[in-house]
Amino acid sequence: MEYLSLLLADRMIKCQVIEEDDKKYYAYSIQLLLEKITGILLISGFALVFKSLVEVLIFLITFSLIRIHSDGIHCKTSIGCFISSVIVSLSTIPVSSVLMKSPVICQGGGDIINDFYVLHWYDQKPQFRSFGAGAQSP
């Protein structure tokens, strides 16, 4: 990425878009932009393959908002930052699939959830209903 960003900065100097003195600032900015685009494309590609694009996009938006307001951890190299960001983002794929299967966390208003599971909010204890012979009402 660094080589490509320097190449683009040199091209901008030849086209007289920027001054020679500003080359290192523009090269660094271009490098950051390329790393962000590459990371988002890679994460989106994995999300498409695993059919969880919506979950990953929601995570990326919220994670980006958090990163804006908090400094977070800083890696020593840009490749370390790239790899750690991709791993954290891709961790939402298995987590979201587990959460979507849990009726306690994801209560989408389905009849099965509403018929078999009641949560009494005043004491936070789940009460399971049983239907059939000898079942007691809550």
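Where a number appears in this text, it was derived from the coordinates with a stated rule and is not lab data. Not measured: the values here are computed from a predicted model. So basically every Cβ, Gly included, is an ideal-geometry build from the backbone, and we count neighbours across all protein chains shown.
Observations on the structure shown:
- Inter-site label distance for Asp10 and Ser70 at 7 Å from Cα along Cβ, in nm: 4.2
- Residue separation of Leu34 and Glu19 scaled by 0.36 nm, minus their Cα-Cα distance, works out to 3.3 nm of gained length.
- Exposure proxy ranking, count of Cβ atoms within 10 Å, fewest first, for Cys81, Cys15: Cys15, Cys81
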